[in-house]
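Heads up: the structure comes next, in structure tokens.
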Amino acid sequence: MIKVDIIKQLAHQYFDEVVSFRRHLHKNPELSFQEYNTSKFVCSILDKYSIAYKKDIVKTGIIAIIEGKNPTKKTILLRADLDALPIEEKNDVDYASQNAGIMHACGHDAHTASVLGTAIILNQLKHEFEGTVKIMFQPGEEVLPGGSSLMIKEGVLQNPKVDVAIAQHVFPSMEVGKIGFREGMYMASTDELHITITGKGGHAAMAGDYNNPLVVAAHIITEIEKQFPFVIDAEGVARNTQNNIPTVIAFGKIEGKGATNVIPESVYLAGTFRTMDEAWRKEVKSKITDIVHTIAITYNTKADINIMDGYPFLINDDEVTKNCKQAAIEYLGKENVEDLSLRMTAEDFAYITQQVPSCFYRLGTGNKAKGITSGVHTSTFDIDEKALEISTGLMAWMVIKGN
């Protein structure tokens, strides 16, 4: 039987190499569904360690397979994402992005490097555990429709059929050395709201000659706020006051392209809708559409609304999450394993959690003493790389315990 100390020893042995993986990826980020060199790099590491894989899935995706003893007993899927964000990096480090305007600001470089390290460990021990490990390196986590959904359509959950899925995500607000879990509902669904209001433009001084679409847009925003009131609960989650369902409807962009004395012909609104209940999700989208069209007609304007369906809510299977949490306690000690709060952020691993018993957990990557505190999706985001030794070994231990 494989002992936890063996896993820790291997994680330490490969730590420097895993750090080099992460730094290479960080220096060479690529945008969603354009991760061609990233994919080639991952394949080169898999080749080096003689790990079997299939590539070019949804263009840049990869599925690696590690078969242990009795490979048909159980299949566990590990997920890593490959893509970076359109952000100009401001970190003054020797591994800073070399690609202008692109940065691994969400930690996908750490996810990929970590899972590569886990693969190396498990491949070395494959004659000592049962079952099969399927490793999914996916493109396009950051943009709709999400690379996870596309790889599911390409059969990533079949041949062999996946029984359990596990994924991690960096968590800069949690100190390095700690891990976080939450059973059941964890992250929200996400839909994009795109609304264009067309009126009649003109000179601002000639009030009788125009029909201001900005006024209509303002009424739409305020009416949606009125129709879907919310309160913030003790966890900091916005909940609809009518049914207590976590709900966020927010507009982050309004574009009129007018001037102080120019009324534009049209106004564009962009926003997000997030919740954790599918029936409510459907109802709200229908109500938003009705609100937009009703107000547009009232003000003799035209409204075009496009609600882009995004990721579903992410739900952690109780049993799988309890097992992963117990493995983390054994690996790190109970004092380093924390419970997580609900989050209204979204994640395309949710597609997998809707089909397979799964666990999506958080990896502490912050270090206040070192000044590593910036949040994800910021130009100064970074991680304490000590987290890579923890994550590499911990995920391997979860697989061992899970089989």
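Among the listed pairs Lys153/Lys287; Lys59/Lys126; Lys90/Lys257; Lys73/Lys126; Lys322/Lys401; Lys73/Lys334, give every one whose C-alpha distance is greater than 21 Å. Mind dumping the intermediate values first?
Values: Lys153/Lys287 31 Å; Lys59/Lys126 29 Å; Lys90/Lys257 30 Å; Lys73/Lys126 14 Å; Lys322/Lys401 12 Å; Lys73/Lys334 30 Å.
Going by Cα-Cα distance, Lys153/Lys287; Lys59/Lys126; Lys90/Lys257; Lys73/Lys334 fall outside the 21 Å limit.
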key: Angle in degrees between helix 318-332 and the longest Cα principal axis of the chain, rounded to the nearest 10   = 60
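Within 15 Å, Cβ to Cβ, of Asn91, how many net charges do the neighbouring residues add up to if Lys/Arg are +1 and Asp/Glu are -1? Don't skip to the end; give the middle numbers.
On the way: positive: Arg22, Arg23, Lys27, Lys90, Lys370; negative: Glu88, Glu89, Asp92, Asp94, Asp109, Asp382, Asp384, Glu385.
Charge balance in the 15 Å sphere: -3.
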key: 19 Å Cα-Cα threshold exceeded, pairs from Lys74/Lys134; Lys27/Lys134; Lys69/Lys325; Lys3/Lys69   = Lys27/Lys134; Lys69/Lys325
inquiry  = In the range 77-231, if the dipole is taken from +1 on Lys/Arg beta carbons and -1 on Asp/Glu beta carbons about the Cα centre, which of Ala218, Ala188, Met174 is farthest to the positive end?
reply    = Ala188
query = Once Rh for the range 363-403 is found with the Kirkwood sum over Cα pairs, what is the Stokes-Einstein diffusion coefficient at 25 °C and 0.890 mPa s, in µm²/s?
reply = 213
query = Along the positive direction of the dipole of the range 184-329 (beta-carbon charges: Lys, Arg +1; Asp, Glu -1; about the Cα centre), which of Ala205, Ile232, Asn323 reaches farthest?
reply = Ala205
query = Roughly what angle does helix 36-48 make with the longest principal axis of the chain, taking Cα atoms, 0 to 90 degrees, to the nearest 10?
reply = 10
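May I ask you to compute the full-extension gain from Lys226 to Gln124, defined as 0.36 nm times their residue separation minus their alpha-carbon distance, rounded to one decimal in nm?
Details: separation 102, 0.36 × 102 = 36.72 nm, distance 5.87 nm.
Full-extension gain reported as 30.8 nm.
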request  = Place a label point 7 angstrom from the Cα of Met206 along the Cα-to-Cβ direction, then list the residues of the range 245-262 whose backbone nitrogen is under 13 Å away.
outcome  = 262
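What percent antiparallel are the DSSP beta bridges of the chain, to the nearest 5? Working shown, then result.
On the way: 50 of 75 bridges.
Looking only at bridges with both residues in the chain, the antiparallel portion is about 65 percent.
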remark   = the range 10-162: antiparallel bridges as % of DSSP beta bridges, rounded to 5, reads 55
key: Under 5 Å, built H, 5+ apart or other chain: amide partners of Ser358   = Ala165, Asp317
inquiry  = Place a point 7 Å from Cα of Ala234 in the direction of its Cβ. Which residues in the range 313-349 have their backbone N less than 12 Å from it?
reply    = none
message = Taking the 0 to 90 degree range and rounding to the nearest ten, how far is the long axis of helix 108-124 tilted relative to the main principal axis of the chain, both from C-alpha atoms?
response = 20
ask   = Carbon and sulfur atoms: what percent of the 1.4 Å accessible area of the range 134-245 do they account for?
value = 54
message = Using the Karplus curve 6.51 cos²θ - 1.76 cosθ + 1.60 with θ = phi - 60°, what ³J(HN,Hα) values do you get for each residue of the range 296-313, in whole Hz, with x for Gly and Pro?
response = 4, 5, 4, 9, 6, 10, 10, 10, 10, 10, 10, 9, 8, 5, x, 5, x, 6
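Using a simple charge model, +1 on the beta-carbon of Lys and Arg, -1 on the beta-carbon of Asp and Glu, nothing else, what dipole does the chain show about its Cα centre, in debye to the nearest 20? Show your work: numbers first, answer last.
Working: 41 positive and 51 negative charges, 116 e Å.
Taking the Cα centre of the chain as origin, the dipole is about 560 debye.
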ask   = On the first, second and third principal axes, largest extent first, how far apart are the outermost C-alpha atoms of the chain in Å?
value = 82, 44, 43
ask   = In the neighborhood of Pro71, defined by Cβ-to-Cβ distances under 10 Å, what is the net charge if each Lys or Arg adds +1 and each Asp or Glu adds -1?
value = +2
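Write down the accessible area per residue of the chain in Å², having rolled a 1.4 Å probe over the full set of protein chains. Walk me through the numbers on the way to the answer.
Details: 17310 Å² over 403 residues.
Accessible area per residue, the chain: 43 Å².
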key: Where labels lie 7 Å past Cα in the beta-carbon direction, separation of Ala259 and Asp339 in nm   = 5.9
The chain: relative contact order as a whole-number percent, Cα under 8 Å and 6+ apart = 24
inquiry  = Can you give me the convex hull volume of the Cα atoms of the range 287-348, divided per residue and expressed in Å³?
reply    = 117
remark   = Calculated from DSSP helices alone, with each H run of at least 4 adding -39500 (n - 2.57) and the total divided by the residues of the chain, [θ]222 nm to the nearest 500 comes to -10500 deg cm²/dmol
ask   = Just the projected area, averaged over all directions, of the convex hull on the alpha carbon atoms of the range 226-352: how many nm²?
value = 11.6
query = Can you list residues whose amide H is under 5 Å from Ser97's amide H, if they're 5+ apart or on another chain and H is modeled 1.01 Å from N?
reply = none
request  = For Gly202, enumerate residues with amide H under 5 Å from its amide H, sequence gap 5+ or separate chain, H modeled in the peptide plane.
outcome  = Ile263
ask   = Using θ = phi - 60° and the Karplus form 6.51 cos²θ - 1.76 cosθ + 1.60, what ³J(HN,Hα) does each residue of the range 350-365 get, whole Hz, x for Gly and Pro?
value = 4, 4, 6, 5, 6, 10, 9, x, 9, 9, 10, 10, 10, 10, x, 10
query = Got a sec? Which residues in the range 32-56 would a label at His24 touch, if it sits 7 Å along Cα→Cβ and we count backbone N under 11 Å?
reply = 38-49
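For a protection proxy built on the mean count of beta-carbon atoms within 10 angstrom, sort 23-35, 257-269 highest first, please.
Working: 23-35: 20.7, 257-269: 16.5.
Result, highest mean Cβ count within 10 Å first: 23-35, 257-269.
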ask   = What are the ³J(HN,Hα) values, in whole Hz, obtained from phi via the Karplus relation 6.51 cos²θ - 1.76 cosθ + 1.60 with θ = phi - 60°, for each residue of the range 179-187 in sequence order, with x given for Gly and Pro?
value = 9, x, 9, 8, 7, x, 4, 10, 10
inquiry  = At a 10 angstrom cut-off on C-beta neighbours, averaged per residue, how do the peptides 312-319, 218-225 rank from highest to lowest?
reply    = 312-319, 218-225
query = What FRET efficiency, computed as 1/(1 + (r/R0)^6) with R0 = 22 Å and r the Cβ-Cβ distance, is obtained for Lys322 and Met185, rounded to the nearest 0.05?
reply = 0.90
request  = Based on the mean of other Cβ atoms within 10 Å per residue, sort peptides 352-360, 248-256 so the most packed one is first.
outcome  = 352-360, 248-256
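The values are calculated or read from the model by the stated rules, or taken from the named source; none is laboratory data. This is a predicted model, so every value here is computed, not measured. Virtual Cβ from ideal backbone geometry, glycine too; neighbours counted across all protein chains shown. Surface areas here come from the heavy atoms of the whole protein model, side chains and all, with no ligands, DNA or RNA. Shrake-Rupley method; radii C 1.70, N 1.55, O 1.52, S 1.80 Å.
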